[in-house]
1. Return the label of the correct value of volume of the Cα convex hull per residue in Å³, as calculated from the structure shown, out of [x] 166; [y] 149; [z] 124.
2. Kirkwood Rh over Cα pairs of segment 154-290 into Stokes-Einstein at 37 °C, 0.692 mPa s: D in µm²/s?
3. Remind me, relative contact order of the chain in percent, using alpha carbon pairs under 8 angstrom and six or more residues apart?
4. Using alpha-carbon pairs under 8 Å, 6+ residues apart, how would you state the relative contact order of segment 77-211 in percent?
5. Under a 1.4 Å probe, what is the accessible area of the chain per residue, stated in Å²?
6. Pop out the carbon and sulfur fraction of the accessible area of segment 66-136 as a percent, whole number, probe 1.4 Å.
7. Using modelled amide H (1.01 Å from N, peptide plane; none on Pro or chain starts), what sits under 5 Å from the amide H of LEU258, excluding residues fewer than 5 places away?
8. If you count, for each residue, the other Cβ atoms within 10 Å and average over each peptide, how do 114-125, 45-56 line up from highest to lowest?
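The values are calculated or read from the model by the stated rules, or taken from the named source; none is laboratory data. The model shown is predicted, which means the values in this text are computed figures rather than measured ones. All Cβ positions, glycine included, derive from the backbone under ideal geometry; neighbour counts span all protein chains shown. We work out accessible area using only protein heavy atoms, side chains counted, and drop any ligands, DNA or RNA first. Shrake-Rupley method; radii C 1.70, N 1.55, O 1.52, S 1.80 Å.
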Amino acid sequence: MDGRHRGFAPRDRIRLTGQLVRPFPAGPPVAYGRAVDHAEARDVAFRCHRVLEPLHSFIYFAPEAEQALTEAGLRPGRMCYFASRAAPMGTVGAGVVAATFYNFNPELVARHIPRAWTLASPSRILQARLAAADAGLRRVLGQELITSPRLAEAAELARSAASACTAEGRPLYAGHAELEWPSEPHLVLWHAATLLREYRGDGHIAALVGHGLGGLAALITYTATGKGFLEPVAKRSRGWSNEQWDAGVADLREQGLLDADGRLTPEGTVLRQSLEEQTNASAAAPWRHLGAEKATRLHELGRELARHAVAHGAFPDGIFAAARA
């Protein structure tokens, strides 16, 4: 992964910072240490995901994002989300976006894609998205953390982990991997967290497909674990009507995965545990590459940064069933 744009046509190739990429300033040296076997890497993959995910996904709730993306030409609301996350794949259709995002109602996606591409090009959208990430991170982390050696160290470690990701079977990751690396440490960290998140997400979708769970069923069963969105937020944000949701619940009850109260049955719990284990296994490569000591250090740094971001308004209240970090 050398940071070049391998997927866009020449006219669409952009440098997201608007400048040539310069060498990334190294943080404090961290010595290579003990290797991580595959079993340990699965656990590390989950723990590091938990602390790095908020540093990426805050962008979907940041007011800076909607402002920058609407100024680029998009319409406010869901169009900004679909277009900004899908833009690394180019001017794809609604079917591709629904397939790669997976748990969104395809009808909701089709209201915004492909119309978004007639309002702003993918390159313009990506420039606006990175500008929003810059402004949003400065708001939720503050200048002291943004310029700290700890953040620079976290960025270096996360970039190293992301360098071990591969594109086979991971279309959403592959699109993001073809973007130019930014140069400022906080944006390097954000981009690395994005790559690791989409890499893991593509693997998770593969596990869902293998277990025969479609997008709505996946969303319902995950909501039933009490670890994700609250149910009303899950319905609203993913575009499912009460009737569609209720029909999905009824189908899962018939399969023996939900009980009469909408909770996971023992079989449903085993299924969700199996999905998480497979997801962690498919996301292990970056953490085997990083090694035990560096992964532990990145987890420590990422937890500090994520907790600070959450405490300073990275996410609105009342949407998640559990704390983000």
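1. It is the value labelled [z].
2. Values: Rh = 16.5 Å.
In µm²/s, the coefficient is 199.
3. Numbers: 464 pairs, mean separation 103.5, N = 325.
Taking the mean separation of contacting Cα pairs over the length of the chain, I get 32 percent.
4. Numbers: 122 pairs, mean separation 34.7, N = 135.
Contact order relative to length: 26 percent.
5. On the way: 14160 Å² over 325 residues.
On a per-residue basis, the chain sits at 44 Å².
6. Values: 1340 of 2600 Å².
Answer for segment 66-136: carbon and sulfur cover 51 percent of the accessible area.
7. ARG253, THR265
8. On the way: 114-125: 18.7, 45-56: 21.9.
Listed from highest to lowest mean packing, they are 45-56, 114-125.
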